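The values are calculated or read from the model by the stated rules, or taken from the named source; none is laboratory data. Nothing here was measured: the structure is a model prediction, and the numbers come from that model. For neighbour counting, all protein chains shown are included, and Cβ atoms are generated from backbone atoms with ideal geometry for every residue, glycine included. The area values use the complete protein model at the heavy-atom level, side chains included, leaving out ligands, DNA and RNA. Shrake-Rupley method; radii C 1.70, N 1.55, O 1.52, S 1.80 Å.
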Amino acid sequence: MKHIISVLLENRFGAFNRVATMFSGKGFNIQSISIGETEMPETSRMTLVTSGDDKIIEQVVKQLNRLIDTIKVVDLTQSSNIIREMALITVFYQKGTRSEITNICNIFRGNIVDINNKTLTLEITGPPDKIDAAVNVLMGYGIKEMARSGAVALKRGEQIKDQRKETTFTQL
Amino acid sequence: MKKAKRFMTGAEIFFECLRYEKVKHIFGYPGGAVLKLYEQLYDVDFLEHILVRHEQGATHAAEGYAKATGKVGVVLVTSGPGATNTVTGIADAYMDSVPLVVFTGQVASHLIGNDAFQEADIVGITRPITKHNFLVRDVKELAITIKQAFYIASTGRPGPVLVDLPKDVINSSCDFEYPEEIDLKGYKPVYFGHQNQIKKAAEMLKKAKKPLLYVGGGVIMSGGTNELAILAKENNLPVTMTLQGLGSFSGIEDQSLGMLGMHGTYCANMAVNNCDLLIALGARFDDRVTGNPDTFAKDAYKIHVDIDPTAIDKNVTVDLPIVGDVKHVLAEIASELSEPLKYDEWWDQINSWKDECPLLYEDNDGRLRTEFVIESLFNKTKGNAVIVSDVGQHQMWTAQYFNFTNPRSFITSGGLGTMGFSVPASIGASFGVKDKPVISINGDGGFQMNIQELVTAVAYKLPIKFVVINNSFLGMVRQWQELFHLEKYSFTDLSASNPDFVKVAEAFGLKAFLVESPKEMKSTLDKAFEINNGPVLIECRVVQEDMVFPMIPPGASVESMIVKRLNSKQ
């Protein structure tokens with residue numbers, strides 16, 4: 001099963017490498033990694049997408065925790081989460097297919113960010129399965145090249161048991 | 001009281017930090033990138049630097065020192081080849097959780113990445129085999145990094161830490177102040193086990209009919225051997241130990257079943273196979289212990305006490321994990337038991353296994369065997385010695401036949417199985433232990449892997465007894481070839497090429513003895529143990545074709561145990 005693991009890391013030289021080395025050394029699989037700064041400049045947040053049975057995921061989380069540079073490890077799969085990925089997809093168009101592709105882009109709430117006489121470049125953001133769906137459709141038109149970011153994810157805000165604020169939170 | 005700041009060079013700061021860490025011995029080898037440190041070392045008087053003859057020797061010596069004393073072993077080597085030569089020792093320390101701090105020189109910061117002379121990315125190379133490692137990028141970070149390195153190496157589950165020191169960092173200066181405290185956000189070892197889990201463990205002990213303690217090296221590292229003895233003795237619990245756990249519980253007590261696992265005793269493995277409660281204490285369910293993990297203690301309720309959460313449920317799924325320092329947890333479990341427990345029927349069963357298949361070897365054909373050599377060493381020292389074994393058949397026979405009575409009396413390379421470990425490790429142990437003889441037991445293969453360190457032992461007049469068990473074969477490999485590889489003794493016969501070990505030792509400056517038959521053993525040991533102003537070598541020419549039994553073939557279950565194959569004593 002696929003798991004999304006969020007790791008708060010010390011923003012130190014080699015910290016990212018340590019995580020990658022651990023994954024390859026232990027034979028864990030990584031589908032994607034993305035890393036960037038957080039609201040605290042001395043830390044960075046890494047979002048890992050990995051897969052394995054419960055026993056493997058338990059070891060993944062423990063081994064991540066064991067690294068000195070990791071501050072907090074959360075398996076977001078266990079809780080309600082927001083997960084986003086971005087793809088830039090350059091697609092060939094012909095006479096007549098340009099508007100079809102534009103329509104598809106709109107359906108996936110993407111943006112056209114570049115165009116020339118042969119290709120269109122689409123920017124699509126969303127959960128990984130949405131990107132997969134867009135890629136599948138666009139494949140029919142001929143994808144020239146594509147770049148996908150790794151997933152970034154956060155836990156959803158906790159449902160705070162406070163009567164006064166309840167209405168606000170349920171809108172989330 | 002806050003100490004005044006002083007303006008110091010990196011090299012001065014380095015040794016000031018070692019002084020704060022109470023380092024007394026450092027194993028090293030000089031070279032270009034660390035010349036400034038060696039310049040400073042020239043005037044340092046609070047620690048002894050031991051010059052080894054190869055950097056691998058330095059790391060193994062530091063391991064031997066750490067395992068014998070419980071202190072952190074410290075290594076100082078130069079960049080490039082000096083650093084890469086430490087790798088095997090670091091990997092060995094990582095597998096066996098030995099606290100080391102390894103300082104490596106590095107080319108100047110502005111040259112890093114330029115393929116400079118004697119440059120190697122040692123931080124990258126050692127990342128998967130260290131508990132943590134550092135590249136010091138600024139002299140201002142030097143003191144706090146050294147403090148963190150010692151803290152990380154020695155706390156929690158101990159392990160090696162490497163600190164890479166670029167030449168310019170050591171040469172530049174800054175204000176020095178040794179940090180009194182450090183706070184590592186991502187590193188907080190848990191020492192006290194969860195109360196409810198501990199209560200549950202005590203409950204399970206009360207309920208159990210056939211309990212067994214499975215004790216690993218963690219009990220020795222945590223200093224929990226007294227707590228183990230109290231719990232085991234008051235409640236009449238059987239104890240079996242791993243290779244690293246030997247000595248945590250006295251091997252001459254009836255309650256000790258000896259070692260378990262691939263070459264463990266019949267009794268210990270039968271007990272594991274039949275127990276209804278297995279308590280793993282500071283052990284990690286290594287494949288050499290479990291064989292087939294699916295059938296390992298398959299009917300037992302399993303409790304696992306370990307300070308490292310990753311050790312739990314890694315190889316064998318357990319019923320009750322307790323994360324904590326095994327010393328504390330043992331004491332707390334004992335305090336939960338109001339009255340002593342008894343397991344008489346279980347003991348009848350265990351004793352019948354003991355009688356059914358004790359350890360034994362052929363001893364009436366007048367030929368010298370390793371088992372006899374080990375027994376003779378035990379009889380000579382009454383167990384009051386530090387035994388440092390290498391890797392192979394002699395190591396297993398040492399584990400089986402030397403009844404280790406004290407913690408830290410057996411030092412061996414377990415997890416990594418590093419041939420060439422014993423000679424340098426015994427040198428380290430000899431610096432740490434002055435009140436007991438240090439005996440290095442080697443095979444003829446492994447002895448040649450770090451033979452250069454004999455010079456170190458001679459140079460420092462260390463009274464080490466180097467024993468070479470010479471069967472002119474890579475014996476353990478030969479055993480596997482005989483049992484599992486169609487008796488194709490591919491490249492394991494050293495008889496044509498082995499040197500004359502007595503002559504080699506004499507050339508190095510050791511007094512050397514040769515033993516070829518059992519009747520020469522005692523008198524030779526008597527003579528060798530009289531010499532205490534330097535090392536001696538005792539070469540024992542033993543039977544070539546013997547195999548270590550019992551043996552559970554790799555990955556198999558206890559049912560597949562090969563018990564004995566004595567030629568004439570069937």
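Observations on the structure shown:
- Considering only alpha-carbon pairs that sit under 8 angstrom and 6 or more positions apart, the relative contact order computed for the stretch A:82-155 is 51 percent.
- Measuring how big the stretch A:82-155 is from its alpha-carbon positions, Rg and Dmax come out at 12.1, 45 Å.
- Pairs of Lys residues in the stretch A:82-155, spaced 8 or more positions apart or belonging to different chains, with C-alpha separations under 24 angstrom: 5 in total.
- A straight Cα-to-Cα reach below 21 Å connects B:Lys434 with the lysines B:Lys22, B:Lys24, B:Lys67, B:Lys71, B:Lys380, B:Lys382, B:Lys461, B:Lys465, B:Lys511, B:Lys527, residues fewer than 8 places away in its own chain not being considered.
- Per-bin percent of Cα-Cα distances, the stretch B:1-74 [5 Å]: 3, 15, 22, 24, 18, 10, 5, 2, 0
- Sequence-distant residues sharing a close amide H with B:Tyr301 (under 5 Å, placed H): B:Leu277, B:Leu278
- Percentage relative contact order, the stretch B:257-414, counting C-alpha pairs under 8 Å, at least six apart: 19 percent
- Bins of 5 Å from zero: percent of alpha-carbon pairs in the stretch A:2-79: 3, 16, 31, 28, 15, 6, 1
- Label-point gap, in nm, between A:Arg156 and B:Tyr460 - each point 7 angstrom along Cα→Cβ: 6.3 nm
- Label zone at B:Ser173, where the point sits 7 Å out along the Cα-to-Cβ direction: the stretch B:25-54 residues whose backbone N lies under 15 Å: B:40
- Solvent-free Debye calculation, one equal scatterer per alpha-carbon of the protein assembly as shown: log10 I(q)/I(0) at 0.07, 0.10 Å⁻¹ equals -0.59, -1.07.
- Our note on the geometry: Cα centres of the stretch B:290-344 and the stretch B:90-109, 31 Å apart.
- Rg and Dmax [Cα atoms of the stretch B:56-119; Å; Rg one decimal, Dmax integer]: 13.0, 41
- Pairwise centroid distance, computed over Cα atoms, of the stretch B:114-139 with the stretch B:418-455, Å: 28 Å
- Among A:Ile35, A:Ile101, A:Ile124: highest mean-square fluctuation, GNM of chain A, C-alpha pairs under 10 Å: A:Ile101
- For chain B, share of DSSP beta bridges that run antiparallel, in % to the nearest 5: 10 percent
- Annotated for the stretch A:2-79: lysine pairs at least 8 residues apart or interchain, Cα distance under 16 Å, count 4.
- Relative contact order (percent, whole number), chain B, Cα cutoff 8 Å, 6+ residue spacing: 14 percent
- Rough spin-label spacing in nm, given labels placed 7 Å along Cα→Cβ, for B:Lys22 and B:Phe117: 4.2 nm
- Estimated Rh, chain B: Kirkwood, alpha-carbon pairs, angstrom: 24.7 Å
- Span from the the stretch B:223-251 Cα centroid across to the the stretch A:106-130 one, whole angstrom: 66 Å
- Accessible area of the protein assembly as shown divided out per residue, in Å², using a probe of 1.4 angstrom: 43 Å²
- Taking every DSSP bridge with both residues inside the protein assembly as shown, close to 45 percent are antiparallel.
- Between B:Phe7 and B:Lys188, the simple spin-label model (points 7 angstrom out along Cα→Cβ) gives 4.1 nm.
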